[in-house]
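Visitor: Questions regarding the structure given below will be posed in turn.
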Amino acid sequence: MRILGASVQTFVYATEDIEKVLNCLKNILADFTPTIERSYGHFGNPIDIITISFGRKEAEQLLNQILNNLSLTERKKISGEIEKRFQDGNFYLRLDKMKACDETISLGEGIQITFKITTYPFNRKKIIEELKQTFS
């Protein structure tokens with residue numbers, strides 16, 4: 001199994017302060033340069049979309065950091081959901097944005113992480129088995 005990269009994305013709604021959200025991300029992520037796009041909700045409310053891309057080495061470090069900080073219960077939960085979380089070469093995780101503000105890495109809503117994973121030649125079963133071992 002080889003991690004090719006990762007992407008982290010979160011939304012900043014009109015009721016949130018973008019600087020505070022960036023500080024929350026800095027609590028749980030290594031050095032990063034965000035891309036920020038402005039979008040608008042159905043009623044015209046501004047929504048900022050923060051996207052952070054990581055190369056291969058940084059993505060491996062990010063996965064290790066997440067593994068080292070998740071509780072055993074959360075790791076087992078992910079291990080049981082690997083087949084749902086791995087689609088088309090992408091492995092998906094969601095972390096709790098509010099807990100990130102308290103420097104805690106935990107499963108939840110608010111921060112979406114996508115890891116691009118492959119094998120040569122591509123073998124979905126092998127990747128799923130390796131991910132299950134990784135999170136067990």
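The numbers here are math on the coordinates, done by the rules we state, and not lab data. Being a predicted model, the structure only gives us computed values, none of them experimental. A quick note on method: Cβ atoms are made from the backbone with ideal geometry, for glycine too, and the neighbour counts reach across all protein chains shown.
Visitor: Pick out, from Leu63, Tyr40, Asn23, the residue whose Cα sits farthest towards the positive end of the charge dipole of the range 15-131, with +1 on the Cβ of Lys and Arg and -1 on the Cβ of Asp and Glu.
Guide: Checked the options; the winner is Leu63.
Visitor: Going from the alpha-carbon gyration tensor of the range 1-76, what semi-axes, largest first and in whole Å, does one get by taking the root of 5 times each eigenvalue?
Guide: 27, 15, 12
Visitor: Evaluate the chain: find the radius of gyration of its Cα atoms, find its Kirkwood radius, and give the ratio Rg to Rh.
Guide: Answer for the chain: 0.99.
Visitor: For the Cα atoms of the chain, what angle does the longest principal axis make with the long axis of helix 18-28, in degrees from 0 to 90, nearest 10?
Guide: 30 degrees
Visitor: Next up: Given bins 10 angstrom wide, list per bin the percent of all Cα-Cα distances in the range 43-84, short to long.
Guide: 22, 31, 31, 16, 1
Visitor: Could you tell me, in Å, what Rg and Dmax come out for the Cα atoms of the range 76-136?
Guide: Computed over the Cα atoms of the range 76-136, radius of gyration and Dmax are 12.8, 41 Å.
Visitor: Working from Cα positions, state the angle (0 to 90°, nearest 10) between the long axis of helix 56-69 and the longest principal axis of the chain.
Guide: Here the helix axis deviates by roughly 90 degrees.
Visitor: Something else about it: Of the peptides 102-111, 66-75, how do they stack up when ordered by the mean number of other Cβ atoms within 10 Å, highest first?
Guide: Sorting 102-111, 66-75 by mean packing, highest first, produces 102-111, 66-75.
Visitor: Quick check: Cα centre of the range 1-22 to Cα centre of the range 99-127, how many Å?
Guide: 13 Å
Visitor: A further question on this structure: When the helix-only estimate is applied to the chain (DSSP H runs of n ≥ 4, each -39,500 (n - 2.57), divided by the residue count), what is the mean residue ellipticity at 222 nm, nearest 500 deg cm²/dmol?
Guide: -11500 deg cm²/dmol
Visitor: So, one more: Enumerate the lysines that Lys116 could reach by cross-link, defined here as Cα to Cα under 20 Å, with residues fewer than 8 away along the same chain left out.
Guide: Reachable lysines: Lys57, Lys84, Lys125, Lys126, Lys132.
Visitor: Only bridges with both residues in the chain count here: give the DSSP antiparallel percent, nearest 5.
Guide: So the antiparallel bridges amount to about 100 percent of the total.
Visitor: Near Phe32, within a Cβ-to-Cβ distance under 11 Å, what is the net charge of the other residues, with Lys and Arg +1 and Asp and Glu -1?
Guide: So the environment of Phe32 carries a net charge of -1.
Visitor: Quick one: dipole size for the chain, taken about the Cα centre, charges +1 on Lys/Arg Cβ and -1 on Asp/Glu Cβ, in debye to the nearest 20.
Guide: Rounded to the nearest 20 debye, it is 640 debye.
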